[in-house]
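Bear in mind that the values in this text are calculations on the coordinates, not laboratory data. Only a predicted model underlies this, so the values are computations on that prediction, with no experimental measurement involved. Cβ placement follows ideal geometry from the backbone for every residue including glycine, while neighbour counts extend to all protein chains displayed.
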Amino acid sequence: MRVRSIAWVAGAALAVTGLAACGEDSGSSDGSELVIGEVAELTGAAEAVGGPQHNAIKLAVDEINAAGGIRIGDKKVRIKLRTEDTKSDPTVGVTAVQKLLTKDGVHYLVGSLSGAVASAYLPVIKDRKDIIDIVVGAANPGLNENISVYRPRADAFQSVDAEVTLALETAGELGTDNIAVLSDKKLQSNAVAVPKIVDAIKAAGKTVVGPVDFEMGATQFSSQIAALKRAGNKVALFQGYGTDLMTFVKQARAQGYDGTVVAASGATADQVKQADVSADALKNVFDIGTAFPADLVALKLNAEAAQKFADAYEKEFGAPPGYTSASAYGGVHILAAALEKAGTTTDYAKVREALDDLTVADVPELAEKVVPQEGDRIFKDHQAYFSLVLRAWDGAAWTTVKAIG
Amino acid sequence: MQELLNGVAQGTVYALIAAGLVLIFGVVRVPHFAHGESVMVSGMMTCWAVTSLHLPVLLGAAVGVAASVGYGLFLCFAVYWPMRNHPEWNLLASSLGAVVITQTAAIAIWTSTPRVTPGGVSGSFEIGDAIIPWSWAVLAAISAAVIGATALLVSRTTAGVSMKAMAADAETAQLMGIPVRKNWAIAFAVGSALAGVAGSVYSTVFPVSTTLGLDVTFSALVVIILAGIGSVAHVLWGGVLLGVVEAVAGTVFPGGYQDSMVFLFMLVVLVARPNGLFGLERARD
């Protein structure tokens, strides 16, 4: 019995180890390869968005390699992607980045969805002039104020104005004086975005209910819903991820809260399905954010590139792209275009110069609607800006109501 | 009123999970930290059975409970039983190891995206100015009924009396001819079934994810500390108390302090009533 027991346990452990090992990418870079490190949230609280973000990075890398690689001078350099899962945990994230920098010797990073993870590892890279980090998910304002960080992804501030404007308009239509602010206290970007939201609401002469905190991955929103109901609230701004928005909306409607909810969550149809939320519950729920490829196609904004990316993604992964997928895909192509423009992979100052000067036309693969900066450049102070869209649930999918900006 | 009723509904689930843990710990004296994983396995299996196999919710729940019982028995005989004569530290470390392995495997299978089992009860009713979803009422009623049935099982059946004898003094019980191995199996099967019922019903109301196990175990431990270890019936009150404290703390204090207030309350109870609010002597009756 004892031997059999040990065999069972060992078998189970081996099976799990085997499963984990399946995901590892072996091999090392040689002279014709450039190793790029990916900081990925493949598991943990941010997994629902992190998985599709990783897929898009992989898709871009595969496309570049299929075309022979990045042209550096007269030769082509293939990309070797080294992916490290942060488990959506800042401590693990720091270890992952240190491993990429020291063990794998990478100088180029892509990825980073969790703002908490990005903030945690930032001190490791911020003074390194030999590191370039393309952040394609984390929305913490200010992250791009470091020499090593470029962000081809909207920061939290870019949607704040649109959210507040919609909330104020709705409050005006409903004749209500207060607006509630629900804030995921684990979401790093909220530390700066929420005070800005609160100030803007107060400046408009309305009172603020909250900020009412919750935690990423919460299963219960009863206390928050009770707080909103006690205040007689009719309009709420929800600052959190799509999975949490769905849980909140479902429970809020069941407990008699029928107010309008304005969010910037990037909620997907899959999240609606997973949370089993009815179409009735999603009435008067609006989501503002960077456009998904489907939004761009509907709005005829950069539609051809968006459709091409969406088709390639669906063909490869059997599902539509996630919230940050297009930014991730664009981020890899931006880095590749900058390396080609610089004509080097080892002169990091020259690569940064190329990134600074990169124009929208230099990266035809961009599957988003980038708002060009001075001189048609992609970045201003290492930050890219995007057209946003307002979405609502039509019973089967999130559909585009209108473009913003 | 709303907060109070929210707390009662949530508390009954905590109680159901804690009842299973009390049963296992009382009989086997194993610090079974993987008990929350039984809840998770059941919730995920129920959701999978309903969404992928398209089974009705009740059948899906049966699949979930069966999976939970299977998981509990596996740990019982593959891990804990062979170590029954080892120091308690070994068992503690093994149970924590089981948590990590189970969670890793679950993430590999189901990812860590939270999900709700579709097909639960919908609609709400009002009590005063509080609006209570029917699904919560069903959850609370099932939890209370299952705890009641388990209390009866323990107090009125031969198997229950054997388990109580083992809980009181395992060595003497063995000398009196009570089959230890069989009682371990019964304790793990019944305890894991309670966790299974909790997981499957919970998944029809609230989102479940592959990472919820340890949180659930900690809540169950708090319930046990509040109620006093040894009695299945008393955990119901411990659970309700925890649920209410949680709900009130969430209302009175900002979100960041809710958990701290719960644990502060637990510490106060531990200091003032080391054997729990209902006392060890009464609990062992």
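One table, with the values for the structure above:
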{"item": "Ranked list, fewest to most other Cβ atoms within 10 Å of each Cβ, for A:174, A:187", "result": "A:174, A:187"}
{"item": "Over 23 Å between alpha carbons, listed pairs A:186/A:234; A:250/A:308; A:58/A:369; A:87/A:369", "result": "A:186/A:234; A:250/A:308; A:87/A:369"}
{"item": "Ranked list, fewest to most other Cβ atoms within 10 Å of each Cβ, for B:89, A:398", "result": "B:89, A:398"}
{"item": "Mean Cα-pair separation over length for the stretch A:259-369, i.e. relative contact order, pairs under 8 Å, 6 or more apart, %", "result": "27"}
{"item": "Residue A:316-residue A:280 FRET efficiency (beta carbon distance; Förster radius 60 Å; 0.05 resolution)", "result": "0.95"}
{"item": "Extended-chain gain in nm, criterion 0.36 nm per residue less alpha-carbon gap, residue A:145 and residue A:76", "result": "21.7 nm"}
{"item": "Sequence-distant residues sharing a close amide H with residue A:106 (under 5 Å, placed H)", "result": "A:101"}
{"item": "Number of partner chain Cβ atoms within 10 Å, mean per residue of A:46-56", "result": "2"}
{"item": "Cα-based shape type of the stretch A:229-280, given that a ≥ b ≥ c are square roots of the gyration tensor eigenvalues and the cut on a/c is 1.5", "result": "oblate"}
{"item": "Ranked packing of A:68-77, B:193-202, most packed first, by mean Cβ within 10 Å", "result": "B:193-202, A:68-77"}
{"item": "For the stretch A:268-274, Karplus couplings with θ = phi - 60° (6.51, -1.76, 1.60), whole Hz, Gly/Pro x", "result": "10, 4, 5, 5, 5, 5, 4"}
{"item": "DSSP beta bridge pairing in the protein assembly as shown, given as percent antiparallel to the nearest 5", "result": "40"}
{"item": "Most mobile of B:36, B:191, B:70 in a GNM of chain B (Cα contacts under 10 Å)", "result": "B:70"}
{"item": "Helix-only [θ]222 nm of chain A, DSSP H runs n ≥ 4, -39500 (n - 2.57) each, per residue, nearest 500", "result": "-14000 deg cm²/dmol"}
{"item": "Label-reachable residues, the stretch B:188-203, where backbone N falls under 16 Å from a point 7 Å from residue B:66's Cα toward its Cβ", "result": "B:193, B:196-197, B:200"}
{"item": "Cα centroid separation - the stretch B:115-148 against the stretch A:59-118, whole Å", "result": "47"}
{"item": "For A:273-279, mean number of other protein chain Cβ atoms within 10 Å", "result": "5"}
{"item": "Fluctuation leader among A:52, A:320, A:123 - chain A, Gaussian network, Cα springs under 10 angstrom", "result": "A:123"}
{"item": "Value at 222 nm in deg cm²/dmol, rounded to 500, when DSSP H runs of n ≥ 4 in chain B each add -39,500 (n - 2.57)", "result": "-24000 deg cm²/dmol"}
{"item": "Ranked by how many other beta carbons lie within 10 Å on average, peptides A:153-160, A:199-206, B:180-187 from highest", "result": "A:153-160, B:180-187, A:199-206"}
{"item": "Under-5 Å amide H pairs with residue A:214, H placed in peptide plane, nonlocal only", "result": "A:183, A:184, A:185"}
{"item": "Label-to-label distance, nm, for residues given as residue A:356 and residue B:259 (7 Å Cα→Cβ offset)", "result": "4.4"}
{"item": "Ranking of B:273, A:151 by count of other Cβ atoms within 10 Å, fewest first", "result": "B:273, A:151"}
{"item": "At least 20 Å along the helix axis (C-alpha) and Kyte average at least -1.0, DSSP helices within chain A", "result": "A:2-22, A:47-66, A:156-174, A:303-317, A:325-342"}
{"item": "Label-point separation in nm, residue A:401 to residue A:157, each point 7 Å along Cα→Cβ", "result": "2.6"}
{"item": "Interchain or long-range residues, amide H under 5 Å from residue A:384's placed H", "result": "A:151, A:153"}
{"item": "Inter-label distance for residue B:141 and residue A:258, nm, one decimal - labels placed 7 Å from Cα along Cα-to-Cβ", "result": "2.6"}
{"item": "Estimated vicinal HN-Hα couplings, Hz - the stretch B:181-187 in sequence order (Karplus 6.51, -1.76, 1.60; Gly, Pro = x)", "result": "4, 5, 6, 4, 4, 5, 4"}
{"item": "Efficiency of FRET between residue A:165 and residue A:191 - r from beta-carbon atoms, R0 22 angstrom, step 0.05", "result": "0.50"}
